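Have a look at the structure below, then the notes.
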Amino acid sequence: MPVDYVNSDAAFLSDSIKGTSHEMTYGGALSFLRRKYTRDLKGTDVVVSGVPFDGAVTNRPGCRFGPRAIRGASTELASLEAFPFGIDIFETLGVVDYGDCALNPHDPSSIPEAISNHARGIIASGAKMLTFGGDHFVSYPLIRAHAEAYGPVALVQFDAHCDTWDDGGSPLNHGSMFLHAKEDQLIDVDHSIQVGLRSYNDSDHGFEILTSPWVHRNGVEAVLERIINRVGDRPAYITFDIDCLDPAFAPGTGTPVPGGLASWQALELIRGLKPLKMIGFDLVEVSPAYDHADITAMAAANIAHDWLAVMALKAGAVSKPVGNL
Ligand SMILES: [Mn+2]
């Protein structure tokens, strides 16, 4: 495909939600993967948006800047066909950047409902959501909106932490919301699975858990087999806490824990999720102030990009890989 540097700034100049542009990777208007910024969701398959909230963190704040950093890191991925599949995701999928969920930082009690309402509007269009946090708490109101539309979701959680600690009911906590979501029957825990954990809780609360050491000992294929068996044909919501990755691969996060997954393992896992009936995806806890050389934001952008590639394959894009895989 010839490179056309004249038609840049597709984020606001593109007249279509399909197709791919070639722009300066280092300049121009930022949207995720140069998708068109719009709230007209007609014909849209996946809506990208940010939820820049970090008021529920326990340690280092700053992931309110995550969506902006991930958009910036996505430019390098915006013009090439998706590796390893050799597909132009946006020939098949209509994907737009919706911008960010509007939040009032001075009224914390309004935050959960503001996020759920943001999600309800998008889900009602029939599109699926690709959402960037924000801290991991934002998944809770997002899952609430998804469960209202799809019923209790099978949660596939990539994370260093279980986020099911019993906090006695605090309303804004990024370490307990999946226990609350279970109690609220938003999650079908019997079909949910947590991957990459390496912090202790005295109960699994019914989730299947594949710890980080288990992943390292058994490998990507075994993890995928467990995920696919666990979820079955249930509507699956994927949540990826970037701290699932080892701090060597994702230092830019609020609660890093050594011993985690490598970027390559995460990408292989995401690329293997095609058999699931996926209804939504979020990627949370990218905190750019603690990042170095953008490696965390790049890992996040690649993981989200590869999820879109898988959604394109599910929608009929034909893979044509080159080389030994
Ligand atoms: Mn988490």
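The values are calculated or read from the model by the stated rules, or taken from the named source; none is laboratory data. As the structure is a computational prediction, the values presented were derived from the model and not from experiment. Cβ coordinates were reconstructed from backbone atoms using ideal geometry, including for glycine residues, and neighbour counts include every protein chain displayed.
Details
- When the stretch 135-161 is limited to residues that are of a type outside the set (A, V, I, L, M) and in contact with a helix residue (DSSP H, G or I) (Cβ under 6 Å, 6 or more places away or on another chain), the one that is surrounded by the most Cβ atoms within 10 Å (Cβ to Cβ) turns out to be ASP135.
- Meeting the requirement of 1 or more residues that are loosely packed, with under 15 Cβ neighbours inside 10 Å and at pLDDT 95 or above, the helices (runs of 4 or more DSSP H) wholly within the stretch 1-100 are 89-92.
Table: residues versus (1) of a type in the set (Ser, Thr, Tyr); (2) out of contact with any strand residue (DSSP E or B) (no Cβ under 6 Å at 6 or more places or on another chain); (3) in contact (Cβ under 8 Å) with a residue 60 or more places away in the chain.
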site	(1), (2), (3)
PRO108	no, yes, yes
ALA114	no, yes, no
ASN117	no, yes, no
LEU130	no, no, yes
PRO141	no, yes, no
ALA147	no, no, no
ALA154	no, no, yes
GLN157	no, no, yes
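- Every residue from the stretch 233-253 that is surrounded by 23 or more Cβ atoms within 10 Å (Cβ to Cβ) and outside any strand (DSSP E or B): ILE242, ASP243, CYS244, ALA250, GLY252, THR253
- When the residues of the stretch 283-302 are filtered to those that are within 16 Å of the ligand (Cβ to nearest atom) and surrounded by 24 or more Cβ atoms within 10 Å (Cβ to Cβ), the one that is farthest from PRO61 (Cα to Cα) is ALA299.
- Per-region count, the stretch 150-173, residues within 15 Å of the ligand (Cβ to nearest atom) and assigned to a loop (DSSP other than H, G, I, E, B): 10
- Scanning the stretch 291-307 for residues that are within 15 Å of ARG68 (Cα to Cα) and among the acidic types (Asp, Glu) gives ASP291, ASP294.
- Candidates SER199, SER203, SER263, SER212, filtered to the one that is hydroxyl-bearing (Ser, Thr, Tyr) and under 28 Å from VAL48 (Cβ atoms): SER263
Results for (1) within 12 Å of the ligand (Cβ to nearest atom); (2) of a type in the set (A, V, I, L, M, F, W, C); (3) assigned to a helix (DSSP H, G or I); (4) within 20 Å of GLY55 (Cα to Cα), shown as yes or no for each residue.
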| site | (1), (2), (3), (4) |
| --- | --- |
| ALA102 | no, yes, no, yes |
| PRO105 | no, no, no, yes |
| ILE123 | no, yes, yes, no |
| THR131 | no, no, no, yes |
| LEU142 | no, yes, yes, yes |
| GLU148 | no, no, yes, no |
| GLY175 | yes, no, no, yes |
| GLN194 | yes, no, no, no |
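- Those residues of the stretch 199-214 which are crowded, with 16+ Cβ neighbours inside 10 Å and either assigned to a loop (DSSP other than H, G, I, E, B) or in contact with a Pro (Cβ under 8 Å, 6 or more places away or on another chain) (or both), in sequence order: SER199, ASN201, HIS205, PHE207
- Residue pairs whose Cβ atoms lie under 6 Å apart, separated by 6 or more positions or on different chains, with the first residue in the stretch 192-203 and under 17 Å from LYS182 (Cα atoms) and the second crowded, with 24+ Cβ neighbours inside 10 Å and polar (S, T, N, Q), are GLN194/GLN157.
- Going through (1) within 16 Å of the ligand (Cβ to nearest atom); (2) among the aliphatic types (A, V, I, L, M); (3) in contact with a Pro (Cβ under 6 Å, 6 or more places away or on another chain) one by one, ILE242 falls short only on (3).
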